[in-house]
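Everything on this sheet refers to the single structure shown next.
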Amino acid sequence: MKTISANKQFLTDLFSGEFRGHAVIMNTPWIDDGGLGDFTVSTRPVSDWVPVAIKRYEMAVKYQQEVQDDSVPYDRIVQTNTGIFASAFGCKIHVYDMATNAAAMPMLDDVADADALPEPELDGPVFSRIFELARLMRSELGPDVPICVPDMQSPLDVAALIWNKQYFFEAMLDYPESVHNLIGKCRRFIEKFVDTYIAEIGNVNLCHCPTFWAPPALGISMSEDEIGALSRDMFNEFCLPTLTEMSNKYGGIFLHCCANADHQYEGLQKLPNFRGLNRELGASDRRLTVNTFAGKTVLNVAWQPIEAVEALMDMAKPNSRFLFNMDSTDIDDAKRTYERVKSRM
């Protein structure tokens, strides 16, 4: 029987220790919230989201126990949008009528406003609700259950949400110091949130995308999507220094990137303690990705059919390390998929 304790050690070794095999984590079917939606932009009591969050955690526990996969169940505090950090600076969050996530609307057009933008506190409505739900879940689940952070965009990505992108990219060339200043404000606010969250919530999972647990001591997780639009030189100037600072502060870094960003692999390899990389494989050269990061960084593969996973295993180098997040329709399907993927390892 695979215990949660054993899985924690297995995943810790995968990311930072002796290699003992690739990880396969079976995603549970998404439990419908009954129309509640994104709790960060709602006016309903935060407590309304507690029952569905508990159900999702309990399903994760059931899957781990019955499938015996490599997962560590944790509470995901339900889904949030990518604009939460931008909203702390004053961006309005637009809620769409269609079935898509809410999004931040840019609020800056010129350099003077960017330079004058103050650094926010954590007492705004969005982050007050995030902390409230995390505290409620801690009270419901006790001290031993990891509680996840919300969606974590990188400092560069947050700055690109705040500052209208067509002017933001121009400012990188014409007013680089102002861009650096805004990115710095975003970094400090993100760090303020993470430090306070760890202090108040205790047992946390800092990896938000895709769905896996890693020890908080191994680093912070970021979505880094804007780098697809940057040259290598611009990445080295506006992105790499900030990610390096955060990796050094938190003991490592995990990145999700859904952009066409293969050209940034040279820069990404410069990151200290680069623990894991998740790419949207449709936006990458898969063999290049496997070859580049073999022996250096765990490739976290998600949202892929089993045939694509098997193809990646065929490309694997002797020192490749993978974590596969696999979808399933029910427990029996999860068991079959888990065994099929494991049989190829």
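Only the coordinates and a few stated rules stand behind these numbers; no lab work does. The shown structure was predicted, so the numbers you read here are calculated from the model rather than taken from an experiment. Using ideal geometry, Cβ is built from the backbone for each residue, glycine included, and neighbour counts are taken over all protein chains shown.
Over all pairs of different C-alpha atoms in the stretch 4-343, the reciprocal of the mean inverse distance, the Kirkwood hydrodynamic radius, equals 20.7 Å. Our helix-only sum for the chain, with -39,500 (n - 2.57) per DSSP H run of n ≥ 4 divided by its residues, gives a mean residue ellipticity at 222 nm of -13500 deg cm²/dmol.
The Cα center of the stretch 280-315 and the Cα center of the stretch 102-156 differ in position by 31 Å.
So for the stretch 3-74, what percent of the C-alpha to C-alpha distances run longer than 15 Å? Counting every Cα pair in the stretch 3-74, those more than 15 Å apart make up 61 percent. Please enumerate, by chain and number, the aspartates and glutamates with C-alpha under 14 Å from the C-alpha of K296, excluding those fewer than 8 residues away in the same chain. Within the straight-line limit of under 14 Å, K296 reaches these aspartates and glutamates: D13, E18, E266. Average 1/r across all pairs of distinct alpha carbons in the stretch 181-288, invert it, and you get the Kirkwood radius: 14.5 Å.
Where does the stretch 250-345 land on Rg(C-alpha)/(2.2 N^0.38 Å)? Don't skip to the answer; put the middle values down first.
Numbers: Rg = 13.8 Å, N = 96, 2.2 N^0.38 = 12.5 Å.
For the stretch 250-345, the normalised Cα radius of gyration comes out at 1.11.
Positive contributions from Lys and Arg (+1) and negative ones from Asp and Glu (-1), summed over other residues with Cβ under 12 Å from the Cβ of T292, come out at +2. Only one residue of V204, A99, M172 has its Cα farthest out toward the positive end of the dipole of the chain, where Lys and Arg carry +1 and Asp and Glu -1 on Cβ, and that residue is V204.
Taken as Cα centroids, the stretch 202-226 and the stretch 24-48 sit 19 Å apart, rounded to the nearest whole angstrom. Taking Cβ atoms as reference points and 15 Å as the exclusive limit, the residues near F274 contribute a net charge of +3, counting Lys and Arg as +1 and Asp and Glu as -1.
Assuming charge only on the beta carbon of Lys and Arg (+1) and of Asp and Glu (-1), the dipole of the chain about its Cα centre is about 1180 debye to the nearest 20.
If you place +1 on the Cβ of every Lys and Arg, -1 on the Cβ of every Asp and Glu, and leave all else neutral, what size is the dipole of the stretch 111-187 about its Cα centre, to the nearest 20 Debye? Mind dumping the intermediate values first?
Values: 6 positive and 13 negative charges, 48 e Å.
In total the dipole reaches around 240 debye.
Taking the Cα atoms of the stretch 211-260, the ratio Rg/Rh between the radius of gyration and the Kirkwood radius comes to 1.01.
What ranking do F293, F10 get, fewest neighbouring Cβ atoms within 10 angstrom at the top? Present the calculation step by step, with values, prior to reporting the outcome.
Values: F293 22, F10 16.
Fewest-to-most ranking of F293, F10: F10, F293.
Pairs exceeding 24 Å between alpha-carbon atoms, taken from K62/K249; K8/K55; K8/K249; K2/K249: K62/K249; K2/K249.
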